[in-house]
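Participant: Before anything else, here's the structure in question.
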Amino acid sequence: MCGIVGYLGAREAAPLIVEGLRRLEYRGYDSSGVAVLKDGQIQVRREVGKLSGLAQMLTQEPVAGHVGIGHTRWATHGPANDVNAHPHTDSKGDVAVVHNGIIDNAARLRARLTEDGVDLVSDTDTEVLAHLIGRSEADTLEEKVSEALAQVEGTYGLAVVHAAYPDRIVVARNGSPLIIGVGDHEMHVASDLAALVRYTTTVAHLDDGELATLTADGFTTYRHDLSTVARAATEVDVDPAAYDAGEHDSYMHKEMLEQPEAAARVLRGRLDQRFGTSHLGGLDLDARELRAIRRVKVLGCGSAYYVGEMGAALIEELARIPASAEAASEFRYRNPIVEPDTLYVAVSQSGETVDTLLAVQEIKRKGGRVVGLVNVVGSAIARECDGGIYLHAGPEVAVASTKALTNMFLGFALLALQLGRVRDLSIADGRRLVAGLQRLPDQIAEVLDREPELAELAGRLAEAQSLFFVGRVRGYPVAREGAQKFKEISYRHAEAYQTSELKHGPLALIDESVPTVSVVPDDELTERNVAALHEVAARGGPLVVVTHATVDLGDLPGQASVHRVDLPRNERELDPALMVVALQLLSYHAAKSLGHDIDKPRNLAKSVTVE
Ligand code: GLU
């Protein structure tokens, strides 16, 4: 959600800023804008809706200049419209500000400014920052910004330009990421690496509570009292191509196909065949501490919550420790009991999901121990946790998570294995699972090879207005994740149920127009699962059965509307990883057949950085 881009150097700022914002589009936004400085004047252009609208406005009313800032907004204070879009300026138009985050005491500050005769033109919290900076009588821009920030409470990533200080951009961070990119006699700043990597891979991350000044020849970082902090830029090891969709029609497609390699990366160096266990140095827990864990609680949002349910099930099964998952967005609102012998696991692709971050902070405040399952190295959640497992999925751009999600499952498998092996999981079982994990990347590739078949099925599913996704025990969170992804990108109503619950209610909805996607692995529940399918088929409900070739579906009524997808088999505990991939392909192709913008589903954002 929301993005900041800034540029200062010899080139024209506006095109570079718009291109940078384009790289952040995937995060989700509702409006955008730029401010460019020239000859002591700040020129602002803002537009509600897609970035292409802003780009078009800029061709009609261009802005010239070599210093500028830009923003994609995700409205929190006031509706998405031109007036509320960033950048915001002070009354004289000397200061322009872009801001990610929320100023908690904005209402009070707005009231105070109004009392002082300031005319606030937008509904945003951000605008107060522009006025506070503009009204400051301090001598330097850094002092003005720091003086303004001393009055605000809340979270921010911030970039400021000022007509009287045309050689610099001042930025500040508190809870919302900012990265400085160092070029050749030019400087960039952005809220996300994705906007920088095309220009430079020499970067410096600001920490919370820090400010920085960017000039064409370098940057300086400070604390709020303006005492300097030494911070050197470092090379990041990213392949700029990782941020390009290449020959794929969407990032989601590219990222699904990257899964075999991504899965191999999360496992690399972490499996121990000899002892049938895993090595997870980043957890920072020795065998005795692992043994002392009495309960595991997983916290995540959206897909990360559903994969958390899969993870909790794995931990219970392999380690026999009571484990459960909960939506992180709910957790801190029910005054949770935080116990010292519970291991809390926070799951987030971006490591920025605010609901999850706040849950982590709540646990830590109560003295609990939290480990993270996070993809983005050095992200807020990763830093807040006591230890963790990095997912090594590589950059994930599509809103619908695929490779990061699969790697989350594998991260849980590694954790469950280790927790199991310090308890009652036998070495033979440990080795069996290690071998299973080693087979998974190739088997994921086999599932991906089934794309044409799944595409055809998906096209048919997309015709339905409403669908069920069902599974039992291990298969139920798989169904939940499948339904989530389906609704996210195809905009069809998809509801997940335990297969066993069908006859307790939803069966009433089954007819020829309501297909059911059923997860039926070859395991101890197969027979019960198949019996439920017969109940659905008997009522004319079309079926897609994601299963194994060894499963006998019996003589299902209405064969013409029953389709089975036989997946490769792994160990039964690990089969969900393969089923999840098959369901991704179904969702992707359903959305594609409906002509939707797969990477940017309506109303959704990649990193949900507001509560
Ligand atoms: N709170 C600010 C607003 O509503 C910034 C939102 C954002 O992070 O994009 O304008």
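Participant: Can you sort 270, 294 by solvent-accessible area, 1.4 Å probe, largest first?
Facilitator: Working: 270 35, 294 155 Å².
Solvent-accessible surface, decreasing: 294, 270.
Participant: Could you put 503, 92, 487, 606 in order of accessible surface area, largest first, with the 1.4 Å probe and the full protein assembly present? Before the final figure, lay out the partial values.
Facilitator: Values: 503 120, 92 145, 487 90, 606 30 Å².
If we order 503, 92, 487, 606 from most to least accessible, we get 92, 503, 487, 606.
Participant: Apply the a/c threshold of 1.5 to the C-alpha gyration tensor of the stretch 127-191 and tell me whether it is rounded, prolate or oblate. Don't skip to the answer; put the middle values down first.
Facilitator: On the way: a/c = 2.57, a/b = 1.25, b/c = 2.06.
Note, shape of the stretch 127-191 comes out oblate.
Participant: How large, in percent, is the carbon and sulfur part of the accessible surface of the chain at a probe radius of 1.4 Å? Present the calculation step by step, with values, prior to reporting the outcome.
Facilitator: Values: 10990 of 23110 Å².
Carbon and sulfur together cover 48 percent of it.
Participant: Quick one: if the Förster radius is 35 Å, what FRET efficiency do residue 235 and residue 364 give, using the C-beta to C-beta distance and rounding to 0.05?
Facilitator: Values: r = 32 Å, r/R0 = 0.91.
The calculated FRET efficiency here is 0.65.
Participant: Once every DSSP H run of n ≥ 4 in the chain is given -39500 (n - 2.57) and the sum is divided by its residues, what mean residue ellipticity at 222 nm do you get, rounded to the nearest 500 deg cm²/dmol? If you can, show how the numbers build up before the last one.
Facilitator: Values: 18 runs with 213 residues, N = 611.
Rounded to the nearest 500, it is -11000 deg cm²/dmol.
Participant: Which peptide among 413-426, 518-531 comes first, and what is the full order, when sorted by highest mean count of other Cβ atoms within 10 Å? Working shown, then result.
Facilitator: Working: 413-426: 21.9, 518-531: 19.5.
Descending mean neighbour count gives 413-426, 518-531.
Participant: At 0.36 nm per residue, and after removing the present C-alpha to C-alpha distance, how many nm does the segment from residue 284 to residue 456 gain when stretched out fully? Show your work: numbers first, answer last.
Facilitator: Values: separation 172, 0.36 × 172 = 61.92 nm, distance 4.66 nm.
Value of the extension gain: 57.3 nm.
Participant: Ordered by packing density, taken as the mean number of other Cβ atoms within 10 Å over each peptide's residues, highest first, how do 449-458, 256-265 rank?
Facilitator: Details: 449-458: 16.6, 256-265: 20.8.
Per-residue Cβ counts within 10 Å, averaged per peptide and sorted highest first, yield 256-265, 449-458.
Participant: Length gain on complete extension for the stretch residue 511 to residue 39, per 0.36 nm per residue less the alpha carbon to alpha carbon distance?
Facilitator: Details: separation 472, 0.36 × 472 = 169.92 nm, distance 6.89 nm.
Contour length minus Cα-Cα distance gives 163.0 nm.
Participant: About the Cα centre, and with charges only on the beta carbon of Lys, Arg (+1) and Asp, Glu (-1), how big is the dipole of the stretch 567-611? Nearest 20 debye, please.
Facilitator: Numbers: 6 positive and 6 negative charges, 40 e Å.
Rounded to the nearest 20 debye, it is 200 debye.
Participant: Let me ask something else about it. If I stretch the segment between residue 223 and residue 151 completely, what's the gain in nm (0.36 nm per residue apart, minus their alpha carbon distance), one decimal?
Facilitator: Working: separation 72, 0.36 × 72 = 25.92 nm, distance 1.53 nm.
Stretched fully, the residue 223-residue 151 segment lengthens by 24.4 nm.
Participant: Shifting gears a bit: What distance in nm lies between label points placed 7 Å from Cα along the C-beta direction at residue 446 and residue 534?
Facilitator: 2.9 nm
Participant: Still on this model: Put +1 on the Cβ of each Lys and Arg and -1 on the Cβ of each Asp and Glu in the chain; which of 515, 130, 609 then has its Cα farthest toward the positive end of the dipole?
Facilitator: Selected residue: 515.
Participant: For the stretch 168-203 and the stretch 17-45, what is the centre-to-centre distance using only Cα atoms, to the nearest Å?
Facilitator: 14 Å
Participant: Right, here's the next one. Could you compute the FRET efficiency for residue 275 and residue 119, with r as their C-beta to C-beta distance and R0 at 60 Å, rounded to 0.05? Display every interim value, and only then the final one.
Facilitator: Details: r = 70 Å, r/R0 = 1.17.
The value I calculate is 0.30.
Participant: So, one more: Report the residues of the stretch 291-332 in range of a label on residue 550: point 7 Å along Cα→C-beta, backbone N strictly under 20 Å from it.
Facilitator: What the label zone holds, given the 20 Å backbone N cut-off, is 318.
Participant: Shape call for the stretch 71-161 from the C-alpha gyration tensor, a ≥ b ≥ c root eigenvalues: rounded (a/c under 1.5), prolate (a/b greater than b/c) or oblate? Please list the in-between numbers first.
Facilitator: Numbers: a/c = 1.42, a/b = 1.28, b/c = 1.11.
Since a/c stays below 1.5, the shape of the stretch 71-161 is classed as rounded.
Participant: Taking only protein heavy atoms into account and a 1.4 Å probe, give the accessible area per residue of the chain in Å². Please list the in-between numbers first.
Facilitator: On the way: 23110 Å² over 611 residues.
Roughly 38 Å² per residue, with all protein chains present.
Participant: Roughly speaking, what is the centre-to-centre gap between the stretch 339-397 and the stretch 61-117 when only Cα atoms are used, to the nearest Å?
Facilitator: 31 Å
Participant: Work from the charge dipole of the chain (Cβ charges, +1 for Lys and Arg, -1 for Asp and Glu, about the Cα centre) and give the residue of 158, 361, 43 farthest towards its positive end.
Facilitator: Positive-end residue among those listed: 361.
Participant: Sticking with this one: Arrange the residues 369, 168, 73 by how much accessible surface each exposes, largest first, with a 1.4 angstrom probe.
Facilitator: Values: 369 85, 168 55, 73 10 Å².
Largest to smallest exposure gives the sequence 369, 168, 73.
Participant: If you take the beta carbon distance between residue 611 and residue 208 as r and set R0 to 22 Å, what does 1/(1 + (r/R0)^6) give as a FRET efficiency, to the nearest 0.05?
Facilitator: Numbers: r = 17 Å, r/R0 = 0.79.
Taking R0 as 22 Å, the efficiency between residue 611 and residue 208 is 0.80.
Participant: State the antiparallel share, in %, of DSSP beta bridges confined to the chain, rounding to the nearest 5. Let's see the in-between values first.
Facilitator: Numbers: 63 of 104 bridges.
About 60 percent, rounded to the nearest 5.
The values are calculated or read from the model by the stated rules, or taken from the named source; none is laboratory data. The structure displayed is predicted, hence computed values, not measured ones. Glycine also receives a Cβ, built like all others from the backbone with ideal geometry; neighbour counts cover every protein chain displayed. Surface areas here come from the heavy atoms of the whole protein model, side chains and all, with no ligands, DNA or RNA. Shrake-Rupley method; radii C 1.70, N 1.55, O 1.52, S 1.80 Å.
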